[in-house]
Structure formats: structure tokens, C-alpha cells
Amino acid sequence: MTFTPTFGSKRHQSLVLRSYTLSRLLLLALTIVWRTLLTPYDTSAPLNPSCLSHHHDPPLILFPSVASAVERGVVWDSVYFLRIAHCGYEYELSYAFLPLLPLAISFLSRTVFAPLVPLIGYRAVLGLSGYVINNLTFVFAAIYFYKYSESLYALFSIGGIYHLVTGGNSIAVLLLALSTCARSNRVLNAGYFCFPTLH
């Protein structure tokens, strides 16, 4: 027996794609506005030394202010992903970040966005590539996520697991119990609490 999922109408898919694309554009606009008006909380962006394997002066670029703006947007974990894409796995702590995203960033930077390197520099192109990849995949992931009709169940399950992992056990118990009320097979959520006690 073969199961063929129905993915809804093209109209629904188009609406979801438009909505999620607009949400990404709104996020970008708000990021630019707030970074212009306020000092960012995370100061990891300017901490980006040259690769250990090759020491050379960065080439002159035509639009250094654009390059600086893009590079300042590289914060938190994206600093590590872009460094791996640029320099490879130089430090042991880099191994916490698996290679798929750095490989995709490196590939896009060396192909599609390669003409931008003389304009804004390679580091900024890496940042731009990462931004494009993450936001495009966010939009396309929406096509699959919106089809999941049990959004109440998904909210409680995903939220419960998130709070369990981050240490909010009381909230996790509440949310996972509510997800069990949405679907009977979610009684298996008890495993999230039982497994750690076995060790």
C-alpha cells in the first residue's frame, strides 16, 4: 500500500510562500532599522581574524560600507558557520557545527555570488550567502510545515521539548501533557522524562 500525501492547492502554497517571504523581508527591514538606531547586544561580529592557514592582506573592495554592514549582521552561531566555510575546521570547538551549511555557503559564495567578491569582499559574500540560504530554506520549509494540520499538537510538542532541553521542566511537563491531550500517541512524551532518569 502506497501513501500519497496531498499537499493542498497551489493557491494555498502560493499564499504561504508569499506570507513567509514577506515575513523575511519585514525581518530584514527591521534588522536594518534597529541596527542603524541601536548598538547590537552581540558583539561577536567584529571578532573575525584571518584564517590560520593563509595570512594575506584583504583585497580592496569597492563598497566597504556595504561589506561592513553585512559583516556586522554575522552574529552568534553564524560566526562559526561562516568561519568554517571560509577557513575550514581550524579549532576543536568548530566540530560542534556540522558541515552541510558551511559547504552550501562556500559553494554559493564561489558560484552564484562570486561576482560580488570584488564589490563587497569575500567575508561579506559568505555572510550574504548564509543569509540567502537560511531565509530561502525557511520559506520552503513553510510549505511542509503549514500542511501539518495539527498545529495545536505541534505547538505543544515542539514547545515542550524546547523547554525540556533548556531546563524549564515544569513548563515542559505542562506543554507535553497538553500535546498528549491533542493526540493519544503522545503519551510517548513521557519517555523524554523517563530516559534521563535511567542514567
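The values are calculated or read from the model by the stated rules, or taken from the named source; none is laboratory data. Fair warning: this is a prediction, and the values are worked out from it, not measured in the lab. Neighbour counts run over all protein chains shown; Cβ positions are idealised from the backbone, glycine included.
Among the residues of the range 176-199, what is the count of those that are farther than 26 Å from His12 by Cα and part of a loop (DSSP other than H, G, I, E, B)?
2
Here is a list of conditions, (1) modelled with pLDDT of 90 or more; (2) assigned to a helix (DSSP H, G or I), and Tyr89 meets all of them except one; can you say which number that is?
Result: Tyr89 fails condition (2) only.
Quick one: which residue in Ser157, Ser129 is of a type in the set (Gly, Ala, Ser), in a helix (DSSP H, G or I) and closer than 30 Å to Ile61 by Cα? First the steps, then the outcome.
Working: Ser157 fails: closer than 30 Å to Ile61 by Cα.
Within the list Ser157, Ser129, the selection yields Ser129.
Going through Leu136, Leu155 one at a time, which residue ends up being in the same structural domain as Val74 (by TED's automatic domain parsing) and either among the aliphatic types (A, V, I, L, M) or surrounded by 18 or more Cβ atoms within 10 Å (Cβ to Cβ) (or both)? Can you show your working first?
Details: Leu155 fails: in the same structural domain as Val74 (by TED's automatic domain parsing).
Result: Leu136 is the single residue among Leu136, Leu155 that is in the same structural domain as Val74 (by TED's automatic domain parsing) and either among the aliphatic types (A, V, I, L, M) or surrounded by 18 or more Cβ atoms within 10 Å (Cβ to Cβ) (or both).
Starting from the range 79-105, take each residue that is over 13 Å from Ser50 (Cα atoms) and list its partners that are of a type in the set (Asp, Glu), counting only C-beta distances under 8 angstrom and pairs at least six apart or across chains.
Partner pairs satisfying both residue conditions: Phe97/Asp77.
Could you please find all residues in the range 162-175 being over 16 Å from Ser151 (Cβ atoms) and in a helix (DSSP H, G or I)?
Result: His163, Leu164, Val165, Asn169, Ser170, Ile171, Ala172, Val173, Leu174.
Thr21 versus (1) loosely packed, with under 10 Cβ neighbours inside 10 Å; (2) modelled with pLDDT of 65 or more: which is the lone unmet condition?
The one condition Thr21 does not meet is (1).
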